[in-house]
Amino acid sequence: MTGTKATTDFDVVVVGAGPAGAATAIRSAGLGHSTLLVDRAQFPRDKVCGSCLHPRAVADLRELSVQASAEALGAVPLERARIGASGRWAELPVAGAAALSRWRLDAALIDVAQLAGAQVRTGVAARVEPNEPGSGRRRVRLGGGDEVVEASLLIAADGLGGALLARVGEVTAPSDDGARVGLGATFDDGGELDLPAGRVDLGVGRSGYVGLVRLEDGRVDLAAAADPSALRAVGAAAAVAAVARECGLVLPAACVDASWAGTPSLTRHAERPFAERALAVGDAAGYVEPFTGEGIAWALASARVTAEHLTRLLEGWSPEAAQDWARAQGAELDTARRRCALVAGFVRHPAWVAALVPVVARSRVIASLVARFGYGRAHE
Ligand SMILES: Cc1cc2nc3c(=O)[nH]c(=O)nc-3n(C[C@H](O)[C@H](O)[C@H](O)COP(=O)(O)OP(=O)(O)OC[C@H]3O[C@@H](n4cnc5c(N)ncnc54)[C@H](O)[C@@H]3O)c2cc1C
């Protein structure tokens, strides 16, 4: 028996409805391009993420839609970051950032994409068919069955370690040697943790670091980066507990029973983030260890730059047009990524962090300068 083939044509098919994919779909549909947004997950859902919105993410969300703005979603404004190592802690001022659960943010962005006119399919995994050079189309298989959609442009927004374009040998983002992996859990601490809303705690240890922030719904978001060897040896909860103990953070009991999730290697880079009629955006194009919490800002910026090039790419795809798009992505993101990589390198040395802490604690001016360097300017 042969199945029924449902083939549908779009200008743009976006795979992955995290911030990069959803924001690209919102902008693409807003420009009048027929757009399909697909994600294998059902929303709302939690995700391994520190859930801190950098001021640039707050600004991009506000520009995207009033409905998806941090204010409308009830994000908690962040005022300070507490940094610690070896039991020493100091506070840095933070301005313009906010804490917001991925549970709420990602679902809201998907709603806005739908309102903007994009078709949205969730709970559906996508697979790209091998390219037929010169056909002018990309074919994407949905849900493992016979359903195939076609597009003039495919946006791979399938996140860290995304395999969509790698599986057909077109775009790969190999991880750096010694890269750490991400771990995370979101839980209700019953008020046990000394973590006021508006403060993010970042503790650094020899085998990783851990971040804690209170979300808009009162739950605690815990996100960590750990050496894969530590994770393999003792498991997620124990690896994070060891880092917390080393820097003097007391984790609540709820943390042990929380449902933990992990990520592939965090630091990776795609040399060439595009293939014929296919662009990789957000984490799918590369990522740097997340100590400064900027991935969502980069994902939203990546979508903004993509939208600026979309009409040209759709009307006359050429490798040169794609190269221009890639250069614009680099111009938007490279400075922030380099700064973030420097900070990530620094926090690989808890002794350096412990030495910096008393200096920062003594002077508000130095604290502001360190915060400014570590977190970057609002528009870098
Ligand atoms: C430990 C840790 C802490 C972090 N802390 C912060 C922070 O505080 N602030 C911040 O801004 N950033 C932070 N980040 C980074 C941030 O989470 C990412 O940069 C951001 O989620 C990237 O968005 P994205 O849309 O590119 O990818 P994602 O958000 O990962 O979305 C990718 C989507 O693609 C879907 N998908 C994948 N494959 C398929 C497929 N084949 N078919 C259909 N769907 C598919 C997935 O289900 C997923 O929903 C942190 C990351 C980690 C690991």
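The values are calculated or read from the model by the stated rules, or taken from the named source; none is laboratory data. Just so it is clear, the model here is predicted, and its values are computed rather than measured. Glycine also receives a Cβ, built like all others from the backbone with ideal geometry; neighbour counts cover every protein chain displayed. The accessibility values were calculated without ligands, DNA or RNA, using every heavy atom of the protein model including side chains. Shrake-Rupley method; radii C 1.70, N 1.55, O 1.52, S 1.80 Å.
Odds and ends about this structure:
- Residue check for Trp317: in contact (Cβ under 8 Å) with a residue 24 or more places away in the chain and more than 16 Å from the ligand (Cβ to nearest atom): yes
- Neighbours by Cβ (under 6 Å, 6+ apart or cross-chain): first from the stretch 214-233, within 11 Å of Asp188 (Cβ to Cβ) and not assigned by TED's automatic domain parsing to the domain that holds Ala70; second buried (at least 21 other Cβ atoms within 10 Å of the Cβ) and hydroxyl-bearing (Ser, Thr, Tyr): Leu215/Ser101; Arg219/Thr186
- Taking the criterion of being near the ligand (Cβ under 8 Å from one of its atoms) and at pLDDT 90 or above, the residues of the stretch 264-284 that qualify are Val281, Gly282, Asp283, Ala284.
- When the stretch 265-323 is limited to residues that are assigned to a strand (DSSP E or B) and in contact with a helix residue (DSSP H, G or I) (Cβ under 7 Å, 6 or more places away or on another chain), the one that is most open to solvent (accessible area, probe 1.4 Å) turns out to be Tyr287.
- Screening the candidates Ala241, Ala303, Ala307, Ala321 for the property of being at pLDDT below 95 and small (Gly, Ala, Ser) yields one hit, Ala241.
- Gly190 free of Cβ contacts under 8 Å to residues at least 60 places away in the same chain and open to solvent by 40 Å² or more (accessible area, probe 1.4 Å): no
- The set of residues in the stretch 205-260 that are assigned to a loop (DSSP other than H, G, I, E, B), open to solvent by less than 10 Å² (accessible area, probe 1.4 Å) and within 16 Å of the ligand (Cβ to nearest atom) contains only Leu215.
- When the stretch 141-184 is filtered for residues that are in a strand (DSSP E or B), crowded, with 21+ Cβ neighbours inside 10 Å and of a type in the set (A, V, I, L, M), the ones remaining, listed by number, are Leu142, Val149, Ala151, Leu153, Leu154, Ile155, Ala156, Val181, Leu183.
- Number of residues in the stretch 356-378 that are over 18 Å from Leu78 (Cβ atoms) and either open to solvent by 100 Å² or more (accessible area, probe 1.4 Å) or not in a loop (DSSP other than H, G, I, E, B) (or both) equals 9.
- Subset of the stretch 42-71 that is open to solvent by 40 Å² or more (accessible area, probe 1.4 Å) and in contact with a helix residue (DSSP H, G or I) (Cβ under 6 Å, 6 or more places away or on another chain) - its residue that is nearest to Val305 (Cα to Cα): Gln67
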